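This report concerns only the one structure given below.
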Amino acid sequence: MSRTDFLAGYGAAQAFPGPLFTFAAYLGAVTEHGPSGLAGAGIALVAIFLPSALLVVGALPFWTRLRESRLARRALMGVNAGVVGILAAALYDPVFTEGVPSVRAFVLAVCAFVALLAWKAPPWAVVIGAGVIGGLVL
């Protein structure tokens, strides 16, 4: 798949709840190898849900002990840190490197970020506003 298709799906998935699952379905639908379309989307959704579902089913009998285990809590903190690192790497390349190609685009991204965090603007308004401003300025 092209970088453009990847970025289009990544950006669109961020507009929906559960972006990881939405993005997985999108990737399955547009893949160039193996089944694509609805079959590919279905396979990708099953593939992303199945490991966590099996983990829950497998851990359920031991849940009380796991909740009280200091080692398990520490391991989970390490897994969480790893996931944040992977997401940060994906945010940088290709999202930041392809999606913010100029100083103007960077300034717009920073303004949108400030509008979300500091001014508590609704995300839908920031997306629409950034789209309009980007269409006029970029």
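The values are calculated or read from the model by the stated rules, or taken from the named source; none is laboratory data. The structure displayed is predicted, hence computed values, not measured ones. Neighbour counts are summed over all protein chains in view; Cβ atoms, including those assigned to glycine, are modelled from backbone coordinates with ideal geometry.
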Determine whether V46 is touching a residue at least 60 places away in the same chain (Cβ under 8 Å), closer than 24 Å to G9 by Cα and out of contact with any Gly (no Cβ under 8 Å at 6 or more places or on another chain).
no
Listing of helices (runs of 4 or more DSSP H) fully contained in region 19-100 that carry 2 or more residues being within 21 Å of S2 (Cα to Cα):
19-30, 37-59, 70-90
Looking only at residues in region 5-41 that are closer than 17 Å to D93 by Cβ and free of Cβ contacts under 8 Å to residues at least 12 places away in the same chain, which one is farthest from the chain's Cα centre (by Cα)?
A8
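The rows are residues; the columns are (1) assigned by TED's automatic domain parsing to the domain that holds V137; (2) closer than 29 Å to L138 by Cα; (3) of a type in the set (F, W, Y); (4) surrounded by 10 or more Cβ atoms within 10 Å (Cβ to Cβ).
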| position | (1), (2), (3), (4) |
| --- | --- |
| A13 | no, yes, no, yes |
| T22 | no, yes, no, yes |
| A29 | no, no, no, yes |
| G37 | no, no, no, yes |
| F49 | no, no, yes, yes |
| L54 | no, no, no, yes |
| A75 | no, no, no, yes |
| L87 | no, yes, no, yes |
Qualifying residue in region 60-70 (condition: surrounded by 12 or more Cβ atoms within 10 Å (Cβ to Cβ) and either among the β-branched types (V, I, T) or under 24 Å from G99 (Cβ atoms) (or both))
no
Determine whether region 17-27 contains at least one residue that is polar (S, T, N, Q) and over 30 Å from I128 (Cα atoms).
no
